[in-house]
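Working notes, beginning with the structure itself.
Taken together, the values in this text are just the output of simple stated rules run on the coordinates, not laboratory data. Please read all numbers here as calculations on a predicted model, not as lab measurements. Here Cβ is always computed from backbone atoms with ideal geometry, including for glycine, and neighbour counts include all displayed protein chains.
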Amino acid sequence: MAIADRADAVPTKGAVSRDIFTTRLGVIAATLGSAVGLGNIWKFPYLTGANGGAAFIIIYLLCTLVVGLPVMITEHMIGRAAREDAIATLKKLAPGKSWWLIGASGILAAFLIMAFYTEVAAWVFAYIVKAVQGAVLSTDPAVTEAAFAELITSPVQSLVWQWVVLAFIASIIALGVSKGIERMTKRLMPALFTILVIVCIRSITLPGSWQGLEFLLKPDFSKVTGATVLTAMGLAFFKLSVGMGTMITYGSYFLEDQDLPATATRVMLSDLAVSFLCGLAIFPAVFAFGFQPESGPSLLFITIPAVFSSMPFGQIFMILFFILAAIAATGAMLSLFEVPVAYLEGTLNWSRKKATVAVLVGLALVGSTAALSNSLLAHVVFPGVGTFFDLWDYLTSNILLPLGGLFLSLFAGRVLKWDNIKTWLTNKSTLQNEGAARAFYFVVRFVTPVLIFIILLSGLNVF
Ligand code: PHE
């Protein structure tokens, strides 16, 4: 990301300067670095498969548009207005009130997301090695399933790979090179995009792929329940990294003349594009080779090797694919890890090293429950949710992030005044986007919070 120290441009408290992005494109790229990750490559396909395909995608799209996007604009807007972290932003804009608790819940959410996200990243890292060895390259579901099962049912492999991921992320943070890594992530995004297009072409041209396309395009709403809709909304929050204050921090680095609604819209569209490409890469192959669309979290890992094994230079492409997936995951994890670290540093005045080590140890402990979910802890099952792995996922995507989004939209629609919002979104009337600002205000006031509330209650079976 293109960051420069422009203390002159942005006044902050005391003499402390705040880095801000130097270009408009830099802002979008950095935000995408957090948004694009395993959510696109792993979660979107497996949830789509498990929830019936096209109907789920349509609900997810609607949630992204009327829930995720307005919450993202809210976060960017208040972040840029206050130029502080999430908690300080809400304390500054609503002094003496409890709105800062959204930031506190965000810290918990970031921590719990990391607890299972690092395990999925662990699988991705392990698959780089498996790809190099060539052992998983097969179009036979039995072979690829066995290879994945061997990894996740081994307590040693699951734990060690998670520790590798944790140590990798912690060293990037402790060395203070996160910005360099983010710059790299941004450069490699086009490479990820390109390889996805190649995989899509292979997948779509497989004999029997049409069934997969039909699955993605022909909606069947008959199986949609309240829980399905909550899952789709949770995915929308998770995908855009919103509902937990991460985007407030990003907003605090934005340029004064950045068009916020347009930026958020571009981020959303790019993120959706990557997700859809992943869907197009996976589902035609799922049907062509006889995999199960409802395989759950294993879907990516058992299906994608089959696609690679049926194309020229497949092994090289597979190595590249998992390296790029690991890099995308790293970008997202850096934005997650930074949340509790920044809090311990800023509020408790800990040194960066001490804060990083504390979060690392905490994650190794809590994260191990996710890592061992398919082996030593497989017998621990939470009714209606699943293993520890599923629990952390469910608690964050389906409860904490929607609650964060609910309160953020109430804050924007009920606490902030239209005059302020108008000034912030039109950049003091220097932009011709008052229509977009008005549309945002209407949706965030009357649509977003109501929808989140209803979807949460019906998804949790309250009615
Ligand atoms: N959006 C990221 C992904 O899709 C995950 C994430 C969620 C990152 C919340 C930061 C905050 O992988």
Q: Treating the angle as unsigned and between 0 and 90°, give the value, to the nearest 10°, between the Cα long axis of helix 178-204 and the longest Cα principal axis of the chain.
A: 40 degrees
Q: Determine, from the Cβ-Cβ distance of F453 and F313 and an R0 of 51 Å, the FRET efficiency 1/(1 + (r/R0)^6), rounded to the nearest 0.05.
A: 0.50
Q) Looking at L377, G53, L395, which one has the Cα that reaches farthest to the positive end of the dipole of segment 25-459 (charges on Cβ: Lys, Arg +1; Asp, Glu -1)? A) L395
(Q) Can you tally the net charge around A54? Count Lys and Arg as +1, Asp and Glu as -1, for every other residue whose Cβ sits under 15 Å from the Cβ of A54. (A) -1
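If you take the square roots of the eigenvalues of the alpha-carbon gyration tensor of segment 141-264 and sort them as a ≥ b ≥ c, do you get rounded (a/c under 1.5), prolate (a/b over b/c) or oblate?
Numbers: a/c = 1.64, a/b = 1.20, b/c = 1.36.
Judged from the Cα gyration tensor, segment 141-264 comes out oblate (a/c at least 1.5, b/c at or above a/b).
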Q: Identify all aspartates and glutamates with a Cα-Cα distance to K354 below 12 Å; exclude those on the same chain that are fewer than 8 residues away in sequence.
A: E345
Q | Distance (nanometres) between label positions extended 7 Å along Cα→Cβ at W350 and R187 | A | 3.3 nm
Q: On a 0 to 90° scale, report how tilted helix 448-459 is relative to the longest principal axis of the chain, with both axes built from alpha carbons and the result rounded to the nearest 10.
A: 40 degrees
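Provide W161, W99 in ascending order of the number of other Cβ atoms located within 10 Å of each residue's Cβ, fewest first.
Working: W161 24, W99 19.
Going from sparsest to densest Cβ surroundings: W99, W161.
Pairs K97/K186; K43/K130; K97/K179; K186/K223: which are spaced more than 28 Å apart, C-alpha to C-alpha? Working shown, then result.
Details: K97/K186 38 Å; K43/K130 21 Å; K97/K179 34 Å; K186/K223 39 Å.
K97/K186; K97/K179; K186/K223, as the Cα separations exceed 28 Å there.
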Q: For each pair in K92/K239; K92/K428; K91/K417; K239/K353, compute the distance between the two Cα atoms and list the pairs where it is over 23 Å.
A: K92/K239; K239/K353
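When the helix-only estimate is applied to the chain (DSSP H runs of n ≥ 4, each -39,500 (n - 2.57), divided by the residue count), what is the mean residue ellipticity at 222 nm, nearest 500 deg cm²/dmol? Write out the running numbers ahead of the final one.
Values: 21 runs with 311 residues, N = 463.
Counting only the DSSP helices, I get -22000 deg cm²/dmol.
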Q: Apply the Kirkwood formula to segment 325-463: the hydrodynamic radius equals the inverse of the mean of 1/r over all pairs of different alpha-carbon atoms; give it in Å with one decimal.
A: 18.6 Å
**Q.** Euclidean distance between Cα centres, segment 326-360 to segment 58-112, Å
**A.** 18 Å
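Under a Cβ-Cβ cut-off of 11 Å, what is the net charge of the residues other than S241 that fall near it, where Lys and Arg count +1 and Asp and Glu count -1? Please list the in-between numbers first.
On the way: positive: K239; negative: E75, D271.
Net charge around S241: -1.
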Q) In debye to the nearest 20, how big a dipole does segment 25-459 give about its Cα centre with +1 on each Lys and Arg Cβ and -1 on each Asp and Glu Cβ? A) 1020 debye
Q. In what sequence do W123, W163 fall when counting other Cβ within 10 Å, fewest first?
A. W163, W123
**Q.** Between 0 and 90°, nearest 10: helix 314-346 axis offset from the chain longest Cα axis
**A.** 30 degrees
(Q) Tell me the volume per residue, in Å³, of the convex hull enclosing the alpha carbons of segment 25-459. (A) 134 Å³
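Return V67, V361, V229, V447 ranked ascending by Cβ neighbour count within 10 Å, so the fewest neighbours appear first. Write out the running numbers ahead of the final one.
Details: V67 29, V361 12, V229 22, V447 15.
Fewest-to-most Cβ neighbours within 10 Å comes out as V361, V447, V229, V67.
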Q: Report the local net charge at Q432: Lys and Arg +1, Asp and Glu -1, summed over other residues whose C-beta lies under 15 Å from its C-beta.
A: 0
Q | Distant-in-sequence amide H partners of I20 (H built 1.01 Å from N, under 5 Å) | A | A4, R6
(Q) Of G26, S429, G331, which is farthest towards the positive pole of segment 25-459's charge dipole, taken about the Cα centre with +1 and -1 on the beta-carbons of Lys, Arg and Asp, Glu respectively? (A) S429
